[in-house]
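Accompanying notes for the structure given below.
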Amino acid sequence: MNIAIMGAGLSGLACALTLEKYGYEADIYEKRSMVGDRFVIAEAMFSMFHTPFDDAVKFLSENHDIHLKPSSNIQKLYVYSEKETSCLEGHLGFTNMRGKHPESYEKQLASQLKGSITYNQNASYDEISKGYTHVVMATGDALDTKKLQPYDVAFKASFRGAVIEGDFDKTEVHVFFNNDYAPKGMGYILPHSDQEATIVLVYPQYPENEGLDKEQLWGKFLAECSRRLDQDFKIINDYSLEDYRIGTTKTARIGNTFFVGNCWGAIKPVFGFGQFESMLTGIYAAHDIAGIGSYEKLVQPLYQSYHDSLTLRRAIEKMDNKQLDRLNKSLDHALVADLITSKKINLFKILSRVLHPFSRQT
Ligand SMILES: Cc1cc2nc3c(=O)[nH]c(=O)nc-3n(C[C@H](O)[C@H](O)[C@H](O)COP(=O)(O)OP(=O)(O)OC[C@H]3O[C@@H](n4cnc5c(N)ncnc54)[C@H](O)[C@@H]3O)c2cc1C
């Protein structure tokens with residue numbers, strides 16, 4: 001058996017580490033010149049969205065020997081809608097760095113690897129599949145999957161983001177829902193340190209959003225962030241990203257080709273979280289290759305969670321600013337907050353059932 005992994009990102013590296021754990025070595029091909037060779041941003045993993053794994057970092061460490069050091073514990077989540085603010089408190093999850101940052105999750109994974117990575121190899125599936133018995137497609141790009149099988153795109157996302165300087169608390173994150181600047185989408189601030197944060201505005205590229213003035217939306221969002229956090233920010237680095245496909249495949253593997261991470265459909269459509277699922281799919285594909293599990297069976301709960309998350313997204317997308325205000329206000333009730341932050345309930349499942357009738361309204 002010889003194994004190729006296309007892509008040294010979260011899913012590819014989690015797969016490689018798990019294969020090593022079971023005594024297999026894979027050839028890893030990475031198209032860039034180093035692991036994490038992309039812009040620096042902070043990302044988050046919220047415990048409430050990963051039920052039944054209440055602490056994803058601990059779970060990966062204790063169950064899969066994948067050890068990650070997040071950059072902070074999230075203790076407060078501020079949610080802003082047009083006229084309401086709510087705050088959830090507790091042990092809510094973690095923020096972590098990505099990309100070129102020395103402590104990015106991809107660099108942390110790569111440092112645990114015993115084998116090597118072949119860089120500057122823009123691997124083509126046609127070529128790779130000729131030389132290997134097993135191929136793990138981990139390029140983070142749904143378009144690579146689409147060349148081999150249908151990939152059901154829920155939506156394409158438009159991102160505008162930046163690193164900003166200001167005054168932050170590393171344990172507090174801020175999320176914004178307002179159709180005036182985030183049409184059917186959201187904005188958020190994730191601190192890297194006391195002085196630096198990632199700021200992101202993301203919304204779907206639906207036909208009704210296409211004619212909107214992107215600069216104007218970004219300007220409005222920045223102004224709202226300044227107003228809510230009561231300070232001016234200095235933008236030190238900004239980027240935009242279009243056509244980021246969020247969707248999933250019908251088939252997790254074709255023969256001995258395994259689709260993992262975004263190539264499988266790891267991103268939960270509602271809020272765009274995909275890191276944990278990316279690593280899990282990488283681990284599960286390795287289990288299959290090592291003969292200790294069936295990849296198709298192992299990803300079943302992730303498919304379910306994807307679909308629950310999509311139902312929830314469709315419901316939230318239908319809400320106008322007044323309804324978003326009402327939803328946000330309800331988060332400030334202690335009982336609702338307890339329910340949401342409880343590690344024992346599957347939030348996506350419950351909310352998708354509760355809001356399902358809403359998602360069907362036209
Ligand atoms: C702006 C933004 C913010 C996000 N925020 C969050 C968040 O806060 N929380 C969260 O959980 N998720 C978040 N996500 C989603 C999360 O980042 C992804 O789900 C996750 O990184 C996907 O992992 P992956 O292994 O599939 O791909 P990646 O980690 O992107 O790795 C893919 C790797 O493959 C390489 N590659 C590509 N093509 C080839 C090729 N042909 N040959 C060889 N190598 C190749 C790439 O260079 C890269 O190194 C965010 C995504 C974006 C874009």
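Restricting attention to the stretch 261-311, the residues being away from the ligand (no atom under 14 Å from the Cβ), of a type in the set (A, V, I, L, M) and touching a strand residue (DSSP E or B) at 6+ places or on another chain (Cβ under 9 Å) number 2.
Is it true that Gly140 is more than 25 Å from Arg313 (Cα to Cα) and open to solvent by 20 Å² or more (accessible area, probe 1.4 Å)? Criteria not met by Gly140. Please tell me if Ile254 is under 17 Å from Tyr151 (Cα atoms), open to solvent by 20 Å² or more (accessible area, probe 1.4 Å), more than 23 Å from the chain's Cα centre (by Cα) and at pLDDT 95 or above. It is true that Ile254 is under 17 Å from Tyr151 (Cα atoms), open to solvent by 20 Å² or more (accessible area, probe 1.4 Å), more than 23 Å from the chain's Cα centre (by Cα) and at pLDDT 95 or above. Regarding the stretch 63-78, can at least one residue be identified that is within 22 Å of Val270 (Cβ to Cβ) and more than 15 Å from the ligand (Cβ to nearest atom)? For the stretch 63-78, residues within 22 Å of Val270 (Cβ to Cβ) and more than 15 Å from the ligand (Cβ to nearest atom): present.
Exactly one residue out of Met6, Met48 is touching a residue at least 60 places away in the same chain (Cβ under 8 Å) and either surrounded by fewer than 23 Cβ atoms within 10 Å (Cβ to Cβ) or acidic (Asp, Glu) (or both): that is Met48. Counting only helices (runs of 4 or more DSSP H) that fall entirely inside the stretch 83-198 and contain at least 2 residues that are more than 19 Å from the chain's Cα centre (by Cα) and of a type in the set (D, E, K, R), the qualifying elements are 125-131. Scanning the stretch 207-251 for residues that are under 23 Å from the mean Cα position of the chain (by Cα), farther than 30 Å from Gln149 by Cα and open to solvent by 60 Å² or more (accessible area, probe 1.4 Å) yields a total of 3.
The residues of the stretch 218-234 that are out of contact with any Gly (no Cβ under 7 Å at 6 or more places or on another chain) and within 16 Å of the ligand (Cβ to nearest atom) amount to a single one, Trp218.
Filtering the stretch 15-44 to residues that are under 21 Å from Ser129 (Cβ atoms) and within 6 Å of the ligand (Cβ to nearest atom) leaves Tyr29, Glu30, Lys31. Restricting the search to the stretch 1-14, which residues are more than 19 Å from Asp37 (Cα to Cα) and within 15 Å of the ligand (Cβ to nearest atom)? Matches in the stretch 1-14: Ile3, Ala4. Of the residues screened, Tyr203 is one that is part of a strand (DSSP E or B) and crowded, with 21+ Cβ neighbours inside 10 Å. The set of residues from the stretch 120-141 being within 18 Å of Arg32 (Cα to Cα) and either among the hydrophobic types (A, V, I, L, M, F, W, C) or away from the ligand (no atom under 12 Å from the Cβ) (or both) comprises Ala123, Ile128, Val136, Met137, Ala138.
The values are calculated or read from the model by the stated rules, or taken from the named source; none is laboratory data. Predicted model only: the values in this text are computed from it and were never measured. With ideal geometry, Cβ positions are generated from the backbone for all residues, glycine too; neighbour counts draw on all protein chains shown. The protein model used for the area step is the full one, side chains on, heavy atoms only, and it has no ligands, DNA or RNA in it. Shrake-Rupley method; radii C 1.70, N 1.55, O 1.52, S 1.80 Å.
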